[in-house]
Structure formats: structure tokens, C-alpha cells
Amino acid sequence: MFAIPLGDDAELRPLEPWRAEEFLAHMDRGREFIGQFIALPDVNTDLDSTRAFLRAYADKAASDTGRIYGIWTDGTLVGGVLFRTMDVTFGTAEAGCWLEPSAVGKGLVTRAARVIIDWAVEERGIHRVEWLVASGNEASVNVARRLGMTKDGVLRESYPYRGKRHDMEVWSVLAPEWRAAKKTA
């Protein structure tokens with residue numbers, strides 16, 4: 001197994017099915033906060049559903065169609081980043097993230113997303129990385145900005161979630177833009 005340092009005693013590691021109990025405990029700590037804009041806590045409600053969720057991502061990793069990684073600080077799982085979808089043939093991927101409240105405001109998601117986007121662009125040949133975010137999720141919108149993404153548009157009321165339809169913003173970065181930004185950083 002690997003761990004990539006993110007600074008501040010934080011690291012990025014693969015989230016695998018054998019970590020289901022740890023992942024469920026993490027979801028339980030952040031369930032309400034994480035669930036404000038994404039359904040991750042609604043999908044991971046008990047040990048069986050959590051194992052199935054992580055197993056589905058293990059299958060995606062095996063078929064090269066997605067990945068999921070956890071963010072640990074001081075040995076505790078506090079959030080993560082993922083490629084919800086990845087199509088190497090077409091060169092596209094959709095990245096996403098989540099955090100429990102104890103980890104907010106430390107730049108962990110931005111640093112972790114940089115790691116996985118760089119891997120996707122440089123190692124897997126992904127040309128376009130997308131970031132879909134509810135317009136009201138200002139923290140995630142700000143991550144897209146910090147990653148150098150461009151707002152492509154808004155899918156008005158496209159995401160029905162917890163009894164309300166949410167506008168979804170589509171942000172993206174293209175491989176040439178990603179590489180150019182790395183050179184100037």
C-alpha cells in the first residue's frame with residue numbers, strides 16, 4: 001500500500017473494502033455535514049452498504065473506470081477524493097471530494113485533488129477533468145477555483161437531492177492548462 005504525504009501530518013491513501021469499518025465511523029462523524037450537498041452518507045449507512053460501496057470502487061479501479069482515496073490526519077480518516085468516473089479512451093474523468101467538519105479549512109482537499117488530477121493527466125492520459133458541484137456548496141466551488149478550473153456552466157435544477165432540486169455547476173481543467181499552471185507554480 002502507498003501513502004502520499006499532504007503536509008500537516010496528513011496523507012492520501014487508497015480507500016479499499018477492508019477499510020469499511022473505518023470508513024463507516026468516518027461517515028458517522030460527519031454524516032450531517034457531508035450530506036449537505038452529496039449523497040455519500042445516504043449510501044453508506046451500515047457496514048454492509050459501506051463494504052459494497054468500497055467494493056464497487058475497487059471494481060472501478062480494476063476496470064480503470066474510477067478511483068477512491070482517503071485523507072488521513074494523525075492516523076484518522078477525515079475525508080477523501082475520488083474519480084467518480086474515468087474514461088481513459090475518451091480522456092475524461094469526474095473528480096469529487098468530501099470532508100468531515102474536523103478537517104475543513106486546512107487545504108486538504110485541494111492538495112489531495114492536485115495529486116489525483118496530476119496522476120490522471122500525466123500517468124493515465126486524461127485530457128479533461130471535471131468537477132460537478134452544487135451551486136450552494138461554496139467550499140467545493142472554491143476548491144475548483146484553487147485547482148485552476150474554469151466554470152463551464154450551470155445545469156439548472158438538475159440534481160434532485162433531499163426534496164430539493166439543486167443547480168449543478170460544471171468546472172473543468174484541460175491537460176494543457178493543468179501542465180501550464182504547474183510550470184508557473
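In this structure K151 has an accessible area near 100 Å², from a 1.4 Å probe over the protein heavy atoms. Charge dipole (Cα centre; +1 on Lys/Arg Cβ, -1 on Asp/Glu Cβ; no other charges) of the chain amounts to roughly 480 debye. Measuring from a point 7 Å past the Cα of S49 along Cα-to-C-beta, which residues in segment 144-168 have an amide N at less than 19 Å? Label zone hits: 160-164. Label-to-label distance for E21 and E138 is 4.0 nm, based on points extended 7 Å past Cα in the beta-carbon direction.
Kirkwood-type hydrodynamic radius, segment 3-158: 15.8 Å, calculated from all non-identical alpha-carbon pairs. Surface composition of segment 1-97: carbon and sulfur make up 54 percent of the accessible area, probe 1.4 Å. Relative contact order for segment 1-139: 22 percent, from Cα pairs under 8 Å spaced at least 6 residues apart, divided by residue count.
For I4 and W119, compute 0.36 nm times the residue count separating them, minus their Cα-Cα distance, and round to one decimal in nm. Length gained, I4 through W119: 40.2 nm. Electrostatic bookkeeping for E122 treats Lys and Arg as +1 and Asp and Glu as -1; over the other residues with beta carbon under 15 Å from its beta carbon, the sum is +4. Relative to the current alpha-carbon distance between R145 and R165, full extension at 0.36 nm per residue lengthens the span by 4.8 nm. Remark: segment 85-185 carries 52 Å² of accessible area per residue (probe radius 1.4 Å; ligands, DNA and RNA excluded). Element breakdown for segment 135-185 at a 1.4 angstrom probe: carbon and sulfur atoms account for 53% of the accessible area.
With 26 Å as the limit, the listed pairs K106/K164; K60/K183; K106/K151; K151/K182 have K106/K164; K60/K183 beyond it between alpha carbons. Sequence-distant contacts, meaning Cα pairs under 8 Å at least 6 residues apart, place the relative contact order of segment 45-103 at 23 percent.
The values are calculated or read from the model by the stated rules, or taken from the named source; none is laboratory data. What you see is a predicted model, and the numbers here were worked out from it, not measured in a lab. When we count neighbours, we look across all protein chains shown, and the Cβ atoms used for this are built from the backbone with ideal geometry, even at glycine. Heavy atoms of the whole protein, side chains included, go into the accessibility calculation; ligands, DNA and RNA do not. Shrake-Rupley method; radii C 1.70, N 1.55, O 1.52, S 1.80 Å.
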